[in-house]
Amino acid sequence: MKIIKVLAIDYGEKRVGLAIGDSENKIAMPLKTIKNNGYENTCKEIVDLVKEWEVNRIVIGLPEIHPDQKINKKISHFSKILKKNANVNIIFYNEDYSSNYAQTELTSQMKVGRKKSINKEEIDRIAAAIILQSYFENEIFKNADTRSTSKD
């Protein structure tokens, strides 16, 4: 079975959080946060990472709670440019509250002794990792063997 490397994107108007993982380990790792310098420049930077990490699939977080949000249109437009330039499969995945969850997790760490202060760049890449980990877990459940093991 071929290992699929997956890049997750938490797209924002100012910053883009990125996380990486693969289909074998199914563990998402925050990668980096890049400045959003417009569709073309941001896509170029991501395409370079796709090549460097030999990515086969991209998962882009897309808010579903309010589908008519302005950001959804921007994400859609961004993904079309990225698909054309990266030439890899792109999947949209629900990212509702991923940034809030990332911030909550980091705040919890502060309460138990984390010394490093929280910054928005870290929240963005952790949000991307949350999106990717959720995607991996969803794939595990979809592919799970649901046959009953009890005797009838």
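Annotations
- Separation in nanometres of the label points that stand 7 Å from Cα toward Cβ, at N85 and K51: 1.2
- Taking L132, L7, L31, L49 and counting other C-beta atoms within 10 Å, the order from fewest to most: L49, L31, L7, L132
- Counting other Cβ atoms within 10 Å as a rough exposure proxy, the listed residues S134, S76 run S76, S134 from fewest neighbours to most.
- FRET efficiency, H77 to M1 (Cβ-Cβ, R0 25 Å, nearest 0.05): 0.15
- Built amide H within the under 5 Å cut-off of N89, gap 5+: I58
- For the pair K70 and E139, the difference between a 0.36 nm per residue extended length and the Cα-Cα distance amounts to 22.0 nm.
Any read-out appearing in this document is the output of simple, stated calculations on the displayed coordinates, not a laboratory observation. Nothing here was measured: the structure is a model prediction, and the numbers come from that model. Virtual Cβ from ideal backbone geometry, glycine too; neighbours counted across all protein chains shown.
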